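Peer 1: Here it is: the structure, laid out below.
Every read-out reported here was derived from the displayed coordinates using simple, explicitly stated rules and does not represent laboratory data. Everything quoted here is computed from the prediction, not taken from an experiment. With ideal geometry, Cβ positions are generated from the backbone for all residues, glycine too; neighbour counts draw on all protein chains shown.
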Amino acid sequence: MFGTTRPVGVVLCLLLWGAGGIADTGGEEVWRRLEQLREQVRYHDHLYYVEHAPEISDAEYDRLHRELEDLEKAHPNLITPDSPTQRVARGFLDPGSERLPHSSPVLSLHKAYTHGELRAFDARLRNELGAEERIAYSVEPKLDGLCIVLRYENGVLKRALSRGDGLVGEDVTANVRTIPSVPLRLLGPDLPRFYEVRGEVVMPLASFENLNRVREEGGESVFANPRAAAAGSLQLHSPAEVAKRTLDVCVFGFRGCLGDAPVNQAEFLTQVREFGFKVPEGVQRCDGIGEVEKAVREWEKRRHGLPYATDGVVVKVADFRLRERLGNGLAAPRWAVAYKFTPPTGTVRLRDVVWQTGRSGRLSPVAVFDPVVLAGATLSRASLHSWKNILAKDLMLGDWIEVKKAGAVIPAVVRSHPDRRRGHEKPPALPVHCPSCHAALRTQANHEPRCLNKDCPARLAAALAYFAGPGAMDIDGLGPALCKCLVDHGLARLPHDLYTMSEDSWRRLSELPEMGQGRVEQLRRAIRQSRGQPAWRHLVGLGIPGVGPATARRLLDRFGSLEALGEATADDLIQVNGIGPRTAAAIRLHINEAWRR
Ligand code: IVH
């Protein structure tokens, strides 16, 4: 119940490596067991985070991880920086605190916006190479994130540099180490003495949406797209915070390799996968530009099917010898081109701005517009995030507005067209009453209206949905609409009520037209099963500001149970790494309230 479960590696090493710790008395046997455990944990982390195909249960994994942690605690001077427990670790500098030169310039890519430009690119290369035959290309998604350069020495991750200006990058090693799909040590027996890979740090769309939802509910500003969220995360000064951000790295290029160097992109991708890295999904080898165009057309259709935001495809000469012959220009290689997708946008009439009350009581505005089909989905609403944003975008009811699927998935209002106004448009207004409970709102100096009624149905339903959501108890089938229904019909108000609903309440629920007996049975089963979720998920579900999965796990590691946590004083709480006085006070308040109500 209180297992560590993944993501792992938030254990802080209390000793500095190589600082000449106390001589260990464990002997060779301990070292052998440590190495064995590290290798096993590394292997299972790879299966879980990179291959997404775990071979063992979470409980079995937890046992291995716990044994490794315990053994390392007992023998701290045998801890190595590449141990899977050391993802969040001391001894690495803050991001940006050191600027270091790249081993070779990190170039950009030339862009193409039309198929004609792609054909011109191919014609230019064939001309330069004097090629009669078709050139083989590698066609890959262009991931919309941040370029990162990872340097390994004797198989161990030594340095992660951001792109910077292409010549000098920023040292972001401490933050990148927390990304589970980055191997701290390469997999396999024959490791190169020096190996440098280049790839993209990306935030999966699902994590991006989740992060923004949490930020919005907590009254924080939201990120415009997954790239901005990934960039913001890499700049954080707390690796433990970065670990919570669920970032990924996909590798697409390399430099410097001893041994059997790959001769083309496919061989390289196979090699780098064997070393334990993630590579972009759906890379295709195309014979000639005709096949490239076909692949690009397919990508245009399926770009929204990837777990990451993509802003185009990269077309690269597959053969490395040909790449060498073509060489690099000052800013970009001559052997590759980025074909950029046009972001799907539509121009529609803004009909209304409605306000939604979140679980913290913060109201956020939502634009309601005429339905439009973008990227295969019909949209008619988009979050406007804040009043400030409404003013900045100069939005009036009745305006023609441009909407797009930002970050490939979240609809957003790009701009209004004030030049097309006819005089009947009206400015939207700040609400004075909560749209759900009609209580008078408190509007802060920053114009963020708040509903202070703790019994507000919208707040209760949002809190229930957060508790049941994928980041917390993950109760299958219990989404926001059903939570609203439970609250509106007086069947549940607080998370605790889900587990104590009477037979009469269940019967009433099954009699609702949108439910039926089958759905209710499924829901009852899912709620019953959620009792087996680890306690940290329960704690996260309470929605305490500052208590995400990593903090929740640490708190439960320290106090053992939610009950014991409820007894802890603020002084006890701030002893836990990462808990400051504000979070401690919030924990005490929330836990008391959860039990009082
Ligand atoms: S290859 C010499 N492949 O796009 C540069 N880049 O606009 C070779 N990117 O800085 C880059 N996905 O950060 C390459 N599959 C991919 C990529 C990719 C995203 C980024 C990369 C680069 C930027 C250039």
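Peer 1: Within the set of other residues whose C-beta is less than 15 Å from the C-beta of Leu143, count the net charge using Lys and Arg as +1 and Asp and Glu as -1.
Peer 2: In short, +3.
Peer 1: Count neighbours as other Cβ atoms within 10 Å of each site's Cβ, and list the trypsin sites (Lys or Arg not before Pro) in segment 414-461 that are DSSP loop with at most 16 such neighbours.
Peer 2: Passing sites in segment 414-461 are Arg421, Arg422, Lys454.
Peer 1: What ranking do Arg553, Arg163 get, fewest neighbouring Cβ atoms within 10 angstrom at the top?
Peer 2: Fewest-to-most Cβ neighbours within 10 Å comes out as Arg163, Arg553.
Peer 1: While we're on this one: Could you list which residues have their amide H under 5 Å from that of His110, counting only those 5 or more apart in sequence or on another chain, with H placed in the peptide plane?
Peer 2: Counting only residues 5 or more places away or on other chains, the set is Ala338.
Peer 1: Could you line up Lys404, Lys111 from fewest to most neighbouring Cβ atoms inside 10 Å?
Peer 2: Fewest to most other Cβ atoms nearby, the residues stand as Lys111, Lys404.
Peer 1: Counting other Cβ atoms within 10 Å, which trypsin sites (Lys or Arg not before Pro) in segment 68-99 have at most 15 and lie in a DSSP loop?
Peer 2: Arg90
Peer 1: Once you sort the root eigenvalues of the Cα gyration tensor of segment 238-343 as a ≥ b ≥ c, which label holds: rounded (a/c under 1.5), prolate (a/b larger than b/c) or oblate (the other case)?
Peer 2: Judged from the Cα gyration tensor, segment 238-343 comes out oblate (a/c at least 1.5, b/c at or above a/b).
Peer 1: Treat every Asp and Glu Cβ in segment 34-143 as -1 and every Lys and Arg Cβ as +1, leave all other atoms uncharged, and give the resulting dipole magnitude about the Cα centre to the nearest 20 debye.
Peer 2: Computed about the Cα centre, the dipole is about 640 debye.
Peer 1: When the Cα centres of segment 131-156 and segment 422-456 are compared, how far apart do they sit, in Å?
Peer 2: Measuring centre to centre over Cα atoms gives 50 Å.
Peer 1: Net charge near Leu556, counting Lys/Arg +1 and Asp/Glu -1 over other residues with Cβ under 12 Å of its Cβ?
Peer 2: So the surrounding residues net to +2.
Peer 1: Also, quick follow-up: Hey, which lysines would be in cross-link range of Lys316, C-alpha to C-alpha under 26 Å, not counting anything within fewer than 8 residues on its own chain?
Peer 2: Excluding near neighbours in sequence, the set is Lys111, Lys142, Lys278, Lys294, Lys301, Lys340.
Peer 1: Additional query: Over 36 Å, how big is the tail of the calculated P(r) for the chain, in percent of all Cα pairs?
Peer 2: Here the long-distance tail beyond 36 Å is 46 percent of all Cα pairs in the chain.
Peer 1: Rounded to the nearest 500, what is the 222 nm mean residue ellipticity of the chain from helices alone, with -39500 (n - 2.57) per DSSP H run of 4+ residues and division by all residues?
Peer 2: One gets -10500 deg cm²/dmol as the mean residue ellipticity at 222 nm.
Peer 1: Please state the shape class of segment 385-436: rounded when a/c is under 1.5, otherwise prolate if a/b exceeds b/c and oblate if not, all from the C-alpha gyration tensor.
Peer 2: Oblate, because a/c is 1.5 or more while a/b does not exceed b/c.
Peer 1: Next up: Tell me the net charge near Cys451. Cut-off is 12 Å between Cβ atoms, Cys451 excluded, with +1 for each Lys or Arg and -1 for each Asp or Glu.
Peer 2: That sum, taken over residues with Cβ under 12 Å, equals +4.
Peer 1: For segment 364-504, with only Lys/Arg (+1) and Asp/Glu (-1) charged at the beta-carbon, what is the dipole magnitude about the Cα centre, in debye rounded to 20?
Peer 2: So the magnitude is around 700 debye.
Peer 1: Quick one: longest stretch of the chain between exposed loop chymotrypsin sites (Phe, Trp or Tyr not before Pro), exposed meaning at most 14 other C-beta atoms within 10 Å and loop per DSSP?
Peer 2: Between the exposed loop sites, the longest stretch runs 114-498.
Peer 1: What are the aspartates and glutamates whose alpha-carbon lies under 14 Å from the alpha-carbon of Lys388, with same-chain residues fewer than 8 places away excluded?
Peer 2: Within the straight-line cut-off, Lys388 pairs with Glu216, Glu220, Glu448.
Peer 1: If a/c stays under 1.5 just call it rounded; otherwise compare a/b with b/c (prolate if a/b is bigger, oblate if not). Do that for segment 275-319, with a ≥ b ≥ c from the square roots of the Cα gyration tensor eigenvalues.
Peer 2: Verdict is oblate for segment 275-319.
Peer 1: Let me ask another. What does the highest-first list of 173-180, 283-290 look like by mean Cβ count within 10 Å?
Peer 2: Result, highest mean first: 173-180, 283-290.
Peer 1: Among Phe275, Leu573, Val403, pick out the residue whose Cα is farthest towards the positive end of the charge dipole of the chain, where Lys and Arg carry +1 and Asp and Glu carry -1 on C-beta, about the Cα centre.
Peer 2: Result: Val403.
Peer 1: Turning to a different aspect of this structure: Can you tell me what share of the DSSP beta bridges in the chain is antiparallel? A percent to the nearest 5 is fine.
Peer 2: Counting only bridges with both partners in the chain, antiparallel ones make up about 95 percent.
Peer 1: Would you be so kind as to identify which of Ser364, Leu379, Val354 lies farthest towards the positive end of the dipole of segment 347-389, taking Lys and Arg as +1 and Asp and Glu as -1 on Cβ and the Cα centre as origin?
Peer 2: Comparing the listed Cα positions along the dipole, Ser364 ranks first.
Peer 1: Going by how many other beta carbons lie within 10 Å of each one, how would you line up Leu118, Leu234, fewest first?
Peer 2: Leu118, Leu234
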